[in-house]
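Each value in this text was obtained by applying a stated rule to the coordinates, not by laboratory testing. The shown structure was predicted, so the numbers you read here are calculated from the model rather than taken from an experiment.
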Amino acid sequence: MEETHSSYKKILGMTILAIIGVVIVALLMLSRTQKEQLAVEVTGQQVDNTQSAPLIAGAASLTLLSTSPQASLGDEIKLTLTGNTLEAIVGYDGVITFDPTVVSYVSTTSTNDNFQIVATPERGKVIITGTKKLAGATTTMLEQASLATATFKVVGNGQAVFGLEYASGKTNDSNIINTQSKDILESATGTTVTVE
């Protein structure tokens, strides 16, 4: 009888160990499946972050691109604000500077569905602020992504120089904010349009 009782204890112990093993394997498989299904939204495409190299913090930039290198008096100049990041972000500021004797600010429109924008014009400057929309569970990174289009009207002659105000460590200039609320912008590049 004692031998039978000892056999039952061994079988019960092995059964419990087997159940624990199955539970651990199931949890590991579930975790792996969730990681494989997790995709990071990169504006314009989906990237599976389980197959890519680890992301490096920083390397964020903003750039202004003009639709045309030349314009005439009375023409509209459209500038596209683009961004590039290697990590998830929640917002940005693009502080565009210009000579108000050559161009005047007209309007700004968002070109990226992941952000809502507000444009604040000042004399010789327009501040475009984009904040990540709350809808959606994806993480927004920028891969040479178009963020907004700013329109200006030519009102004078000369070079229409458009700058992106930026200095490392400043908080009231152009910036890109990551998910830890840190400014990660490393460079900002403006553009010039020749007015004939």
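Annotations
- Separation of the stretch 108-147 and the stretch 159-193, taken as the distance between their Cα centroids, equals 13 angstrom.
- Gain on full extension, evaluated as 0.36 nm per residue between GLU143 and ASN172 minus their Cα-Cα distance, stands at 8.0 nm.
- Hull-based mean projected area of the stretch 60-195, where the convex hull spans the alpha carbons, in square nanometres: 7.5
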